[in-house]
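Peer 1: Below is a structure I'd like to ask you about.
Nothing in this text is a laboratory measurement; each read-out follows from the coordinates by a stated rule. Source: prediction; values computed, not measured. As a convention, Cβ positions derive from the backbone with ideal geometry for all residues, glycine included, and neighbour counts pool all protein chains shown.
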Amino acid sequence: MPHRYVAFLRAINVGGHIVKMDRLRELVAVLPVSNVSTFIASGNVLFESAAAAIHLEAAIELQLRKHLGYPVTTFIRSIPELQKVVAHDPFTGEEASLYVGFLKAKPSPGAARTLTSASNEVDRLHVNGREVYWLAKGGFSGSTFTGAKLEKIVGPMTVRNMTTVRKLAAR
């Protein structure tokens, strides 16, 4: 029975790598997936497949590298996994912009400790499974962190605003 997945793509429509969403849907649709759609132009692809997420990640990465000419790291979550991401609320009651960083694998305990200990009065960081929760009190532009700085600690990831994650989980 097919599962409903969301692929979060890194390096789509940033840094000069512009990909139209209809082209992205075409590239993914030739894989063993169905009902392909995209959500906003930041590299969120929804689809159904009976294949395992790890195999789909590799297939999407290979397909996009072949047709776009550069690597596009892919992070796949099922809809139930996304619903758990949304339900996890490590910063209850705090007012700020909340972002989620999606990782390939759960970071080591040492990396998770390093990341959370880097929290400060502007940015709070929390690791839960394969996700990094980032509460940016000054928003993205007022943050003391960047995605690149976080990646040095926990490895490759892609970041989405929690509002986007909530909308995807509700689909």
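Peer 1: Fewest to most neighbouring Cβ within 10 Å: what's the order for 66, 152, 167? Please list the in-between numbers first.
Peer 2: Values: 66 9, 152 12, 167 15.
Taking fewest neighbouring Cβ atoms as first place, the list is 66, 152, 167.
Peer 1: Give the average over all directions of the projected area of the C-alpha convex hull of the chain, one decimal, in nm².
Peer 2: Mean orientational projected area (the chain, Cα hull): 9.7 nm².
Peer 1: Measure up 20/104; 84/106; 20/66; 84/167 against 23 Å on the Cα-Cα distance and list the ones that go over.
Peer 2: 20/104
Peer 1: When a/c is below 1.5 the answer is rounded, else prolate if a/b is larger than b/c, else oblate, so apply that to segment 3-81 with a ≥ b ≥ c taken from the square roots of the Cα gyration tensor eigenvalues.
Peer 2: The shape class here is prolate.
Peer 1: Which net charge results for the neighbourhood of residue 117, defined as the other residues with beta-carbon distances under 15 angstrom from its beta-carbon, given Lys and Arg at +1 and Asp and Glu at -1?
Peer 2: My count for the surroundings of residue 117 gives +2.
Peer 1: Go through segment 120-171 and name the chymotrypsin sites (Phe, Trp or Tyr not before Pro) that are in a DSSP coil and have 16 or fewer other Cβ atoms within 10 Å of their Cβ.
Peer 2: Answer by residue number: 140.
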